[in-house]
Structures are given as C-alpha cells and as structure tokens.
Number of protein chains: 2
Amino acid sequence: MRRFPEPISNLVAAFSRLPGVGPKTALRYVYYMLKQPKSDLGVMARALIQLGERINVCTRCFMYTERELCDTCEDPKRDTSLICVVEESRDIATIEATNAYTGLYHVLGGNLNPIEGLTPDAIRIRQLHERLLKDSSIQEIILALSPTSHGETTIMYLTKRLAPLGRRITRLARGLPVGATLEFADEVTLGDAMKYRK
Amino acid sequence: MRRFPEPISNLVAAFSRLPGVGPKTALRYVYYMLKQPKSDLGVMARALIQLGERINVCTRCFMYTERELCDTCEDPKRDTSLICVVEESRDIATIEATNAYTGLYHVLGGNLNPIEGLTPDAIRIRQLHERLLKDSSIQEIILALSPTSHGETTIMYLTKRLAPLGRRITRLARGLPVGATLEFADEVTLGDAMKYRK
C-alpha cells in the first residue's frame with residue numbers, strides 16, 4: 001500500500017493504539033482532523049498534554065482527580081461506613097449515575113488476571129487492606145466488580161483475604177437486567193435470579 | 001451524571017468530535033490514555049501538531065502532501081494522459097493499492113450535496129476544469145466516485161460540464177463485488193452486472 005506523508009502515518013499510528021481502533025478507523029479519524037480548522041488540532045493536542053500534567057489519582061481511593069483527594073473523598077456528606085471496590089475509575093461515574101450509593105470508593109485498577117500479569121500485587125489490594133486496617137469506621141465492603149470470570153476470581157480472592165478483618169462483605173446482586181426477556185437469559189443469570197428472588 | 005475532572009472532560013469533548021465516536025467511546029479512549037505512560041500522550045499531541053504544520057495539499061491535484069507537489073504528480077513514470085477524479089485523498093490510497101492505475105489524480109474534496117452546502121463551487125470542479133483546459137495531454141477523465149446518490153449526482157454534473165472539452169469521460173464499472181452471492185445482490189447492482197456483462 002502507498003505510503004502516506006509522515007505526519008499522517010504518525011497520527012494514524014497514534015490513533016491505532018486506542019482500544020478498538022484499527023488502521024482504517026485511525027486513518028478515517030486523521031482525514032477528519034485534516035478537514036477541520038487547524039485550531040481543532042491544537043485543542044485536542046492541548047487536551048492530551050493537560051491530561052498528563054493535571055490528572056493524578058486520589059491518594060485515598062485512587063480515583064482520577066486534579067487534587068490530592070477526589071471529590072468523593074472530600075465530600076463530608078458521604079457515608080464513611082461503606083466502601084465500594086471497583087475495577088476502574090470509570091465505574092465510579094456509572095455507579096454515581098444511579099444515585100443508589102452514597103459511600104466511599106476504592107479503585108483496584110484491574111481484576112486479577114495472572115495470565116496478563118495482574119497478580120494480587122499488580123492491583124491495589126494491599127492498599128485496600130491497609131486502608132481497612134487503619135479506618136475502623138468502614139462497616140461494609142461492597143465488591144462492585146463485573147460478573148465476568150476475572151471479576152469473579154477477584155471477588156473470591158478479596159472475600160477470602162478480607163474475611164479476617166470482620167467487616168460485612170457484599171457483592172452486587174445478579175439477576176435479569178431490566179428489559180430482558182426470559183427466553184434469551186443465559187442459564188447462570190436465570191438460575192441466580194431464581195435463587196435470589198424476593 | 002457526575003462531572004469528571006476538567007482535563008478528562010476536555011479530552012472526552014475533543015475525541016467525541018471524531019467521526020462515529022460518542023461520549024462513551026471517547027471516555028473509553030481517555031481512560032485508555034490515562035493508563036499509558038505519559039510519553040504516549042506527548043506522542044499523540046505532537047503528531048496532531050505536526051499534522052497541522054506539515055500537511056498541505058498538492059498544488060496540482062489537491063492530494064495531501066508535505067511538499068508543493070505530491071508523490072504522484074512528481075513521479076515521471078505516471079501516465080499523464082489519464083486523470084482520475086476522486087472524492088477525497090484517502091480514495092487515492094485505496095486505488096493505488098489495486099496496482100490497476102498508473103495515471104494522475106484530482107481530489108474534488110467531496111461530492112455535490114446542495115443540502116449540506118456542497119455546491120459545484122464548494123468542491124474543486126473549477127480547478128479540474130482549468131487544469132483540463134491548460135493540460136492538453138490528458139486524454140481520459142475517470143470519474144472514480146462512489147455509486148451513491150451524491151456520487152451519481154456528481155458524476156452526472158461532471159459528465160455534462162466536461163463534455164465540451166472533448167476528452168473521453170469514463171466511470172468505474174458497476175457489478176457484483178468479489179465474493180458476493182447473487183441471492184443478496186440488490187436489483188440495481190444485479191441489473192448493471194447483467195447489462196455490462198462481458
């Protein structure tokens with residue numbers, strides 16, 4: 001295939017690294033950017049630089065923030081007896097959108113996945129453990145991890161590891177998602193929905 | 001929904017403008033970038049800046065290039081009796097990949113689409129006309145536009161407008177794509193394939 005001018009192929013290479021973006025999509029993005037005013041290129045470039053310069057993780061819960069502590073950790077109205085353990089910062093936005101939770105968070109930074117090098121030391125399990133030891137106000141640990149195989153492994157590991165601390169350990173309910181039809185529910189979900197009926 | 005730190009929401013906004021990218025995908029891209037080494041942010045930012053600073057359009061055919069003339073226009077081995085009219089620069093890469101064409105190009109910069117303001121003056125039809133008037137070596141004009149309604153409109157318009165110049169005007173063959181099954185071919189394509197059988 002014909003070679004593109006270097007500035008085009010460099011940006012194609014950079015965009016191609018984004019999740020789910022192949023060379024064709026990356027090229028489409030680049031051609032789109034070429035058709036925009038040059039100031040738009042600057043806007044995206046500055047946003048990238050600022051992301052690197054201004055975003056840190058909260059020193060307490062490891063959520064992305066611009067300050068030392070994130071909005072949630074600094075909010076005096078949050079229920080400090082609850083801690084919700086999530087895989088990534090983005091899950092916090094999803095949970096907050098439900099308005100069903102008012103406690104604190106802890107971002108693991110991944111699920112256990114030894115094949116990809118995500119051992120207990122690679123995600124923030126030690127930090128969670130230390131935080132629980134130090135903070136006796138936490139009564140309940142909600143393991144809000146995805147019900148995938150890696151999520152389940154992480155839930156099992158954490159349940160065992162945190163049990164000696166004597167706090168209540170819960171996980172998100174499993175069941176039929178809203179709008180689902182019984183016909184297309186998988187057996188495990190339907191089984192759980194039956195078992196945990198109320 | 002909970003507000004993200006400004007550097008995150010700024011980059012989400014910038015990524016959301018890319019074609020086919022909504023806020024959820026943009027956020028996924030941003031979280032991906034946050035997990036990469038900070039140098040990767042700089043690499044993408046620099047690629048964006050360089051795109052704006054180093055890419056121009058060829059003064060003859062309007063393809064994207066770093067110089068005054070693009071590779072094709074500068075290549076003495078190209079067949080200067082053929083000119084292939086395409087919608088966008090990206091189509092040139094696709095045509096070059098076939099190795100079926102050795103002539104020159106002309107990038108229109110869009111198809112006619114009066115509803116979106118793409119009138120004959122908004123795309124490079126005048127420049128094509130002038131180039132053909134000046135360059136008597138061009139014998140054949142290949143209208144390599146997509147067989148969509150806007151592409152067909154543009155082909156019809158160009159065929160009429162360029163007819164007085166007395167050059168051969170052709171368009172890409174229509175027919176069944178390789179690997180297609182008759183069963184799923186639409187009627188127009190199948191009708192064309194029958195009409196232009198050989």
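The values are calculated or read from the model by the stated rules, or taken from the named source; none is laboratory data. Everything numeric here is computed off the predicted structure, so don't read it as measured data. Glycine gets a Cβ as well: all are built from the backbone with ideal geometry, and neighbour counts include every protein chain shown.
If I go through region B:144-198 residue by residue, how many of them are under 18 Å from the mean Cα position of the chain (by Cα), of a type in the set (Gly, Ala, Ser) and farther than 23 Å from residue B:104 by Cα?
Residues that pass the stated criteria total 1.
What number of residues in region B:51-72 are outside any loop (DSSP other than H, G, I, E, B) and crowded, with 19+ Cβ neighbours inside 10 Å?
Keep residues of region B:51-72 that are outside any loop (DSSP other than H, G, I, E, B), which gives B:51-54, B:56-57, B:64-65, B:71-72.
If we keep only those that are crowded, with 19+ Cβ neighbours inside 10 Å too, we end up with B:51, B:64-65, B:72.
Total satisfying the criteria: 4.
Can you pull out every residue in region A:150-164 that is free of Cβ contacts under 8 Å to residues at least 24 places away in the same chain and in contact with a strand residue (DSSP E or B) (Cβ under 8 Å, 6 or more places away or on another chain)?
Selection gives A:155, A:159, A:163.
Say we look at region B:153-176 and pick out the residues that are among the hydrophobic types (A, V, I, L, M, F, W, C) and in a loop (DSSP other than H, G, I, E, B); which of these is modelled with the lowest pLDDT? Can you show your working first?
Of region B:153-176, the ones among the hydrophobic types (A, V, I, L, M, F, W, C) are B:155-156, B:158, B:162-163, B:165, B:169, B:172-173, B:176.
From the residues that got through so far, the ones that are in a loop (DSSP other than H, G, I, E, B) too are B:172-173, B:176.
Numbers: B:172: 89, B:173: 87, B:176: 82.
Of everything passing the filter in region B:153-176, B:176 is modelled with the lowest pLDDT.
Quick check on residue A:89: is it facing chain B (nearest Cβ under 9 Å), surrounded by 19 or more Cβ atoms within 10 Å (Cβ to Cβ) and either farther than 22 Å from residue A:143 by Cα or under 20 Å from the mean Cα position of the chain (by Cα) (or both)?
So residue A:89 passes the test.
Mind listing whichever residues of region B:9-40 are more than 7 Å from chain A (Cβ to nearest Cβ) and not in a helix (DSSP H, G or I)?
The answer is B:17, B:20, B:21, B:22, B:36, B:37.
Quick check: is even one residue across region B:77-84 in the same structural domain as residue B:150 (by TED's automatic domain parsing), closer than 22 Å to residue B:170 by Cβ and under 13 Å from the mean Cα position of the chain (by Cα)?
Yes.
List every residue pair whose Cβ atoms sit under 7 Å apart, with the two residues 6 or more apart in sequence or on different chains, where the first one lies in region B:41-64 and is at positive phi and the second, anywhere, is surrounded by fewer than 19 Cβ atoms within 10 Å (Cβ to Cβ).
Qualifying pairs under 7 Å: B:62/B:109.
With respect to residue A:179, determine if the residue is over 24 Å from residue A:82 (Cα atoms), out of contact with any strand residue (DSSP E or B) (no Cβ under 6 Å at 6 or more places or on another chain) and in a loop (DSSP other than H, G, I, E, B).
Yes; evaluated as a whole, the condition is true for this residue.
Any chance region B:18-25 includes a residue that's outside the structural domain of residue B:158 (by TED's automatic domain parsing), surrounded by fewer than 21 Cβ atoms within 10 Å (Cβ to Cβ), under 27 Å from the mean Cα position of the chain (by Cα) and in contact (Cβ under 8 Å) with a residue 12 or more places away in the chain?
no
Just checking, how many residues over region B:41-60 are more than 7 Å from chain A (Cβ to nearest Cβ) and among the polar types (S, T, N, Q)?
Selection size over region B:41-60: 2.
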